[in-house]
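The values are calculated or read from the model by the stated rules, or taken from the named source; none is laboratory data. These numbers were taken from a predicted model, which means no experiment stands behind them. Because the Cβ atoms are built from the backbone with ideal geometry, glycine has one as well, and the counts that use them run over all protein chains shown. Heads up: the accessible areas ignore ligands, DNA and RNA and are worked out on the full protein's heavy atoms, side chains in. Shrake-Rupley method; radii C 1.70, N 1.55, O 1.52, S 1.80 Å.
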Amino acid sequence: MGKADTGQLHVCGLLSSTNMKNDHWQATDFVAMKTLIGCPDERAFWLCGTDIRSGPGFLFGDPDCDRIIFDSPPFETMMDTSTLSKLQEFATTFKTKLTKLALQLKPADTLCIVLCGHGCEDGGNLIIGDKTTQITMTKHELEIAIEGCHAEILLFSTACYSGQWTSQSWSLFAVAGEDQESVSITKSQSGNFRGGFFTNALLIEHFDHFNLCAPRPGPLQIIHNTGFQEQQPQHDCGPAVKSQANFPLTRIVPDTLAWLHALRDHIGKIYVSADFTFIPCKENSKWNPPFQSLIKSQEIQNSPLSGPNPIVDLPSLNGANSHLGLCHLLHHCVSLERVATVLSLAEESELSELCKSHTRQPAFTSGAENTLTTSSTLLSPLTGQEKADLLVALRERKFYHLLAIGIAHKLGWDDAITRLGLPTGPQHGLPPMWALQRSAENHGYILSQLTVKKNYGYRWGGAAGWLARIWEAAGKPSAGPGVWDSVMKQSRLAIETGFP
């Protein structure tokens, strides 16, 4: 698609995570965005700080849908990021390259910036590095880097909290709202993450834009009034049967955003918590991203597809070791004790039940509610210590869910609970609603005491987010002096003694 002949497309892309063991799905996003944009190599700069080729490959899409397998030849520039000083040099290289390019561009040109990585809740800063050695890049730093650029600038970001990167300097197309985590695709039975849902949705929308066969939902009931077709009979990315005469389609940005959200709801699962942020510089502008024409793209149309996984029941714990993934040890376990590295039969059974109730999938996912595990492979079952860590972590989340329910009951918010449901019911998987939590804290409800610290400075806020929504549904009351401390103490005691 792209710009008219009077202007050129240029791309600067950054894969900011250097931890491919845990974040390979971000590398898949990185490759997918490069393929989707299709900018000539001489006008593109794609920077990463680690090897992305020695991992499990770039299989992209939900395991219950057709999935595209990207086999892109090497295009990325890789730098050494093994020390903090080298990591700083890595970030400087990207910003310097961006500045030099920005100053050369003309008004008819388009500069596409792609950021794939983790984001911080506070300020939405982009994290560069891994959980042990990291720096951040702020929105303001990027604005300085492109200062004086006369070209149209489009910023695509797949990082959590990327909705905070709104700016008059660019049109923003972000994976999440300003207080939301990004949603990655459910792991398949091979144990590998399959990219992010945002990038996958962009690809499917662009297939639809050209009326091409696309990776479609697999074992789902057909709903004709949604505009989505049944699963394609053959796994390819070729032209559709009907005429191409009226394609590509013309949509304005709000209509495209609505289409993507409809796709999200159609596929369902944890993806319904995804809420993309599209803020173009011009109101009601046409959806005309700098993506290549898929009709002519041999790279995409020749990429093989993998069919949906068969529907299987949740396996027993012993049969699911390779699906569970490796647990990040969650800190600050409050009143919970460590367990032995060899689980008893009762603990094995408890872990199996907690896994089923928490994930509702044979494999762990990494959506807003479920970011608990890292990637593992079929050949890497959980060790005894990893099972023990996982049991502690899931017990802790159950504890906070029970604590939130007890607090809501003692505050008299039962009608709100009836209307919204329990945190493990219809509310399961919804985002943590950090802004709403802060609003509740301003009214005397210290919901931060129900959150759990995670890697990269993230916090798990599933229980606190649920309680914030209950507070909102109860009319946003204010707590008098000492009320929060009292109900917190009573609710903790009730859980510990086993009485309501």
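General observations
- Per-residue extension of 0.36 nm, minus the Cα-Cα distance of THR77 and SER448, leaves a gain of 129.5 nm for this segment.
- Between segment 88-104 and segment 461-500, the Cα center-to-center distance that results, in Å: 48
- On the basis of the beta-carbon distance and an R0 of 45 Å, LYS86 and ARG438 show a calculated FRET efficiency of 0.80.
- Convex hull volume per residue for segment 1-142, taking Cα atoms only, in Å³: 135
- DSSP assigns beta bridges within segment 106-197; of those with both partners inside it, close to 40 percent run antiparallel.
- Once both labels are positioned 7 Å from their Cα atoms along Cα-to-Cβ, the gap between ILE279 and GLN104 label points is 3.0 nm.
- Placing a pseudo-label 7 Å from each Cα along the Cα-to-Cβ vector at LEU493 and THR93 gives an inter-label distance of 6.0 nm.
- Solvent exposure of segment 11-165 amounts to 35 Å² per residue of accessible area, where only protein heavy atoms count and the probe is 1.4 Å.
- Calculated on alpha-carbon atoms, Rg and Dmax of segment 112-204 in Å: 14.1, 48
- Taking amide H positions as modeled 1.01 Å from N, with prolines and chain starts lacking one, the residues under 5 Å from PHE45 and 5 or more places away or on another chain are VAL11, CYS12, GLY13.
- Net charge of neighbours whose Cβ lies under 12 Å from the Cβ of ASP23, counting Lys and Arg as +1 and Asp and Glu as -1: 0
- Around ALA474: net Lys/Arg minus Asp/Glu count, Cβ-Cβ under 11 Å: 0
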